[in-house]
Amino acid sequence: MIVSLQYLRGVAAMMVVAFHAFDVLARLGSGGDSEQFMIGLAGVDIFFVISGFIMWIMAEKAYPSPAEFIRKRLIRIVPLYWALTLFLATVAVVKPDLLSTAVFDPAHFVASMVFIPWPHPKLDAAVPLLIPGWTLNYEMAFYVIFAACLLVPPRWRLGSLLGTLGTLAVIGLFVKKGGALGFYTDTLVLEFAAGAVLAWLWQRGVTIPRAMSLVLVVAGFTLLYLGAGATLPRIISLGLPAAMVVAGTVFAEDLLRKRPFQPLLMIGDASYSIYLSQGIGLAVLAKLWTMAGLGGDGWQAAAFLVVSVTVGAIGGILLYFSIEKPMLAWMNAKTSRRRTTTARLAAATEAHGQRRSHA
């Protein structure tokens, strides 16, 4: 485990929670909106850079086959996402008045389950039923590209990955936004490339002074704050600063590993659960808030933000320990048993064939 990246995953998850908390607060009647914390959007960009970093490290350490790589990523990503999507679909069918945005549409539901961008039946955006899952559509596409690059000899692997992602981004300059092609050719894909380059440098022992690491992190977050909501391409306004934050954090690994801060590590471990569940948790909290006669102005606004961030973190951690972690353990154990059984059958078949050849 890379401690620095676990810290950063936790920070990124909470940035997204805070961003959506401001958005919900606006609907409660406050004078503000989510633009008060636009930097929270950059949590997604940080996640993408981290993903590119981690995938490269995993591939370099384990040398997996493309099929093995995809299998592991599906086990890691799909179960919790499907569980929460099915939960939302059930509520949308049985009690649709409980949801403000989730609407059950068969085609949209199927597209959501198989990670294909599809127009939302109620919102003017190509987002899945579980809205935060739009980022998983990019993740899955990146996994497919990365798996294909594993077929390339190691010395050409990074170049092929960067070339593929760069080509997609160039095509995106000439493609109309909207639709699947416009989605997959967004410059966001270059954030995965940035993470892979950082991992390549990190693995080869590249280091920077600790002071420079701190400068990169501070400068990165400053640029994220200034770039959030800007009209520049996202790779410039958020992607490059996010890469600076990840670089500064990961190159300070030796320092951060000395005294691990367990609460932040726990949030990092649960970051996937926090990220996927925070929208549901905030929707429930907003209903309870209004039922209690509370609003979104003055001290009540501040209280709502504090409660939202707290509920988002605690709810995600509880989901991680009660569902995500046990589910992952069960699926990994099941897969391991199946592979052991297959290996034993293959060995037995080979031994039987050898006995017959000697008979």
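Overview of results
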{"read-out": "Residue match in segment 315-325 (condition: modelled with pLDDT under 95, among the aromatic types (F, W, Y) and surrounded by 10 or more Cβ atoms within 10 Å (Cβ to Cβ))", "value": "no"}
{"read-out": "Flag for V127 being touching a Phe, Trp or Tyr at 6+ places or on another chain (Cβ under 7 Å), among the hydrophobic types (A, V, I, L, M, F, W, C) and open to solvent by 80 Å² or more (accessible area, probe 1.4 Å)", "value": "no"}
{"read-out": "Residue within segment 158-175 that is open to solvent by 20 Å² or more (accessible area, probe 1.4 Å), touching a helix residue (DSSP H, G or I) at 6+ places or on another chain (Cβ under 9 Å) and either among the charged types (D, E, K, R) or at positive phi (or both) present", "value": "no"}
{"read-out": "Long-range neighbours under 8 Å by Cβ, at least six apart or interchain, first residue more than 14 Å from L190 (Cα to Cα) and in contact (Cβ under 8 Å) with a residue 12 or more places away in the chain within segment 143-172, second among the aromatic types (F, W, Y) and part of a helix (DSSP H, G or I)", "value": "A147/F69; L150/F69"}
{"read-out": "Of residues in segment 229-242 being over 21 Å from L136 (Cα atoms) and out of contact with any Leu (no Cβ under 6 Å at 6 or more places or on another chain), the one surrounded by the fewest Cβ atoms within 10 Å (Cβ to Cβ)", "value": "T231"}
{"read-out": "Check on F192, in contact with a Phe, Trp or Tyr (Cβ under 6 Å, 6 or more places away or on another chain), aromatic (F, W, Y) and open to solvent by less than 30 Å² (accessible area, probe 1.4 Å)", "value": "yes"}
{"read-out": "Candidate set: segment 130-157, residues that are aromatic (F, W, Y) and either open to solvent by less than 30 Å² (accessible area, probe 1.4 Å) or under 12 Å from F192 (Cα atoms) (or both); chosen: the one nearest to the chain's Cα centre (by Cα)", "value": "Y138"}
{"read-out": "Number of the condition not met by F48 [criteria: (1) farther than 26 Å from P326 by Cβ; (2) at pLDDT below 95]", "value": "(2)"}
{"read-out": "Check on L86, among the hydrophobic types (A, V, I, L, M, F, W, C) and surrounded by fewer than 20 Cβ atoms within 10 Å (Cβ to Cβ)", "value": "yes"}
{"read-out": "Which listed residue, of S65, S112, is open to solvent by 30 Å² or more (accessible area, probe 1.4 Å) and touching a Leu at 6+ places or on another chain (Cβ under 9 Å)", "value": "S65"}
{"read-out": "Residues satisfying the stated conditions in segment 183-241, i.e. part of a helix (DSSP H, G or I) and of a type in the set (D, E, K, R)", "value": "E191, R210, R234"}
{"read-out": "Verdict on V91 being touching a helix residue (DSSP H, G or I) at 6+ places or on another chain (Cβ under 8 Å), assigned to a helix (DSSP H, G or I), modelled with pLDDT under 95 and surrounded by 14 or more Cβ atoms within 10 Å (Cβ to Cβ)", "value": "yes"}
{"read-out": "Segment 112-133, residues that are over 13 Å from V78 (Cα atoms) and assigned to a helix (DSSP H, G or I)", "value": "I131, P132"}
{"read-out": "Condition check for L151: at pLDDT 95 or above and farther than 18 Å from G182 by Cβ", "value": "no"}
{"read-out": "Matching entry among M15, M38, M58 (being modelled with pLDDT of 95 or more and assigned to a helix (DSSP H, G or I))", "value": "M15"}
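The values are calculated or read from the model by the stated rules, or taken from the named source; none is laboratory data. Model, not experiment: these values are computed from the prediction. Here Cβ is always computed from backbone atoms with ideal geometry, including for glycine, and neighbour counts include all displayed protein chains. With ligands, DNA and RNA removed, areas are computed over all heavy atoms of the protein, side chains included. Shrake-Rupley method; radii C 1.70, N 1.55, O 1.52, S 1.80 Å.
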